[in-house]
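Reading through the structure tokens given below for one structure.
The values are calculated or read from the model by the stated rules, or taken from the named source; none is laboratory data. Everything numeric here is computed off the predicted structure, so don't read it as measured data. So basically every Cβ, Gly included, is an ideal-geometry build from the backbone, and we count neighbours across all protein chains shown. Side chains included, ligands, DNA and RNA excluded: accessible areas come from the protein's heavy atoms. Shrake-Rupley method; radii C 1.70, N 1.55, O 1.52, S 1.80 Å.
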Amino acid sequence: MAGFRALAEQVRNPRLVAAQRRTALRKCLERFAPYGHRATWHHLCTRAGFATQDRDPDPERLVAALSELEEARALWLAYEKEFAARRRREKHDGIRQPSAIDDWHRRTWGGCDIVPCESPQRHPAARLAVVLRSMIAAMESGRPRRDCPVCGGTRFTWLPEPAGDPASGPACRECGVMAPASVLTSETLTAAGRARGAGVFAAA
């Protein structure tokens with residue numbers, strides 16, 4: 001099975017037809033998809049300017065989408081490396097009690113569903129790397145907040161999904177991001193619970 005880098009080379013390979021390069025880009029999302037596969041694909045297509053169902057997109061747009069994905073992946077890999085080094089130091093110092101960020105990192109290891117979204121069509125408009133950087137900073141701060149760490153919105157609703165589902169939890173009504181519960185204040189979580197299943201999201 002080809003890895004991310006080999007697939008990225010296929011996306012950039014001018015000797016391949018556009019359909020093959022598109023397929024390679026889709027397969028890249030099996031290795032790294034911050035919003036989940038479908039939402040990340042929708043995001044990349046929207047930002048690069050081609051339709052999600054376009055089987056023969058402009059190769060330059062495919063490369064633009066890949067570049068954004070690679071930028072976010074490089075940021076995430078650097079974070080995972082720093083996280084692993086920090087945990088080694090903490091264990092050496094006798095700090096073994098898992099924290100909220102440890103739990104979040106376990107669930108997002110490998111780069112899929114790092115910042116899950118309310119639906120495949122609802123996700124932040126900013127570049128993936130910008131969104132990841134904001135979420136990482138919010139988690140590492142260790143200070144619960146009242147607003148969305150991605151867009152600053154203050155209205156959340158708790159999606160009624162099964163426990164443990166990547167798409168369960170408090171969703172920002174503005175950008176659709178599912179924020180880890182540990183990053184929000186208890187008051188914000190309570191308010192999100194009251195809005196459970198309300199379906200009152202801003203128009204995409």
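Select the helices (runs of 4 or more DSSP H) contained entirely in the stretch 1-98, then report the ones holding at least 3 residues which are at pLDDT below 95 and either of a type in the set (Asp, Glu) or open to solvent by 60 Å² or more (accessible area, probe 1.4 Å) (or both). Please lay out each step first, then the result.
Numbers: elements: 4-12, 18-28, 37-48, 59-92.
Output list reads 59-92.
Suppose we filter Thr157, Thr185, Thr108 for residues that are among the β-branched types (Val, Ile, Thr) and either modelled with pLDDT under 90 or open to solvent by 60 Å² or more (accessible area, probe 1.4 Å) (or both); which single one remains? Show your work before the answer.
Values: Thr157 fails: either modelled with pLDDT under 90 or open to solvent by 60 Å² or more (accessible area, probe 1.4 Å) (or both); Thr185 fails: either modelled with pLDDT under 90 or open to solvent by 60 Å² or more (accessible area, probe 1.4 Å) (or both).
One residue alone meets the criteria, Thr108.
Take Gly94 and decide whether it is more than 22 Å from Val177 (Cβ to Cβ) and not basic (Lys, Arg). Steps first, please.
On the way: more than 22 Å from Val177 (Cβ to Cβ): yes; not basic (Lys, Arg): yes.
Taking the combined requirement at face value, the residue satisfies it.
For Pro166, the conditions (1) under 14 Å from the mean Cα position of the chain (by Cα); (2) under 19 Å from Arg106 (Cα atoms); (3) modelled with pLDDT under 95; (4) open to solvent by less than 20 Å² (accessible area, probe 1.4 Å) are fulfilled apart from (4).
Have a look at Asp93, Asp113, Asp102, Asp58 and point out the one that is among the charged types (D, E, K, R), closer than 23 Å to Ala6 by Cα and without any contact (Cβ under 8 Å) to a residue 60 or more places away in the chain.
Values: Asp93 fails: closer than 23 Å to Ala6 by Cα; Asp113 fails: without any contact (Cβ under 8 Å) to a residue 60 or more places away in the chain; Asp102 fails: closer than 23 Å to Ala6 by Cα.
After ruling out the rest, the residue left standing is Asp58.
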